[in-house]
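These notes concern the structure reproduced below.
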Amino acid sequence: MNEISNFFQSIRIPMRFIVLIVLAISSWFIVVSCSATNAGQYADNMAPDLIADYIYRIIKSERTIYGKYVVQRLKDENVIRASEHWEQDKSLPLPAQMFRMTAELASENSPFNYGSISPWSLNEGNTPNTDFEKKAMENVLNTGLPFKDYQTKDGKKYFSAVYPDKAVAASCVDCHNSHPIHKQRYPEKIFKVGDVMGGIIINLPLDSQ
Ligand code: HEC
């Protein structure tokens with residue numbers, strides 16, 4: 001120790017200064033390693049309802065941007081329309097088709113999935129059918145708020161959440177209200193902008209299959 005302090009004295013750096021620097025560097029290491037551990041714990045303990053909320057934010061934003069700034073804007077400017085037969089008609093995919101194609105790609109080779117449901121569905125495959133879907137859709141329509149719970153579907157355990165799917169643009173309500181299937185099945189239901197038209201369901205698998 002004496003030799004070390006003699007060395008620093010010889011190059012004129014006071015020993016007290018060296019001790020201070022060593023202390024500062026070690027405290028920095030402690031702070032950095034603690035915050036890294038906390039970040040890890042946060043990710044491990046993240047509640048499934050928070051994860052579902054974040055996924056919903058992305059889905060909702062993409063759906064809103066596509067509905068407002070692509071489908072509605074290009075229709076208003078008479079550039080191109082959205083149509084169910086978009087491939088043959090050289091038109092834009094419907095928001096629902098865009099949504100389903102994205103959802104199918106996102107759930108490829110994974111039990112994670114999301115989709116669209118509605119009691120006024122144009123596509124029967126989108127009618128709420130499990131007990132959870134029926135209960136959740138009813139709650140969302142009554143309260144306008146998301147409904148979340150655990151459910152078992154096809155033998156797999158999920159944390160599931162249904163969020164309100166609102167008519168964000170006039171094109172949503174125009175197309176649905178005037179659709180022949182809608183007029184035939186739900187003649188009394190006239191959607192207005194801002195109405196809840198159905199629900200976005202997110203199924204987070206709980207078992208790692
Ligand atoms: C040009 C027509 C058209 C537009 C615009 C449109 N939809 Fe649809 N929507 C449909 C059709 C057709 C389906 C069924 C398609 C399918 O699932 O294959 C559908 C499906 C849905 C569903 C699932 C339940 C169902 O009806 O099968 C919801 C919810 C929905 N649309 C809401 C919206 C919202 C919200 C917007 C605006 C952002 C919108 N739609 C814009 C035609 C349209």
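The values are calculated or read from the model by the stated rules, or taken from the named source; none is laboratory data. Everything quoted here is computed from the prediction, not taken from an experiment. Glycine also receives a Cβ, built like all others from the backbone with ideal geometry; neighbour counts cover every protein chain displayed. For accessibility, only protein heavy atoms count, side chains too; no ligands or nucleic acids. Shrake-Rupley method; radii C 1.70, N 1.55, O 1.52, S 1.80 Å.
Of the solvent-accessible surface of the stretch 57-209, computed with a 1.4 Å probe over protein heavy atoms with every protein chain present, carbon and sulfur atoms account for 52 percent. In the stretch 36-138, what trypsin sites (Lys or Arg not before Pro) fall in a loop by DSSP, with at most 11 other Cβ atoms inside 10 Å? The qualifying sites are 90. Taking each of 135/189; 90/134; 148/183; 134/157; 75/135 in turn, the alpha-carbon distance tops 27 angstrom for 90/134; 148/183; 75/135.
Applying D = kT/(6 pi eta Rh) to the stretch 125-209, where Rh is the Kirkwood radius over alpha-carbon pairs, T corresponds to 25 °C and eta to 0.890 mPa s, the Stokes-Einstein value obtained is 173 µm²/s.
For the stretch 63-96, chymotrypsin sites (Phe, Trp or Tyr not before Pro) are listed when DSSP marks them as loop and at most 12 other Cβ atoms sit within 10 Å of their Cβ; the list is empty. Which log10 I(q)/I(0) values does the stretch 46-205 give at q = 0.20 Å⁻¹ under the Debye formula, counting every alpha carbon as one identical point scatterer? Reported log10 I(q)/I(0), two decimals: -1.41.
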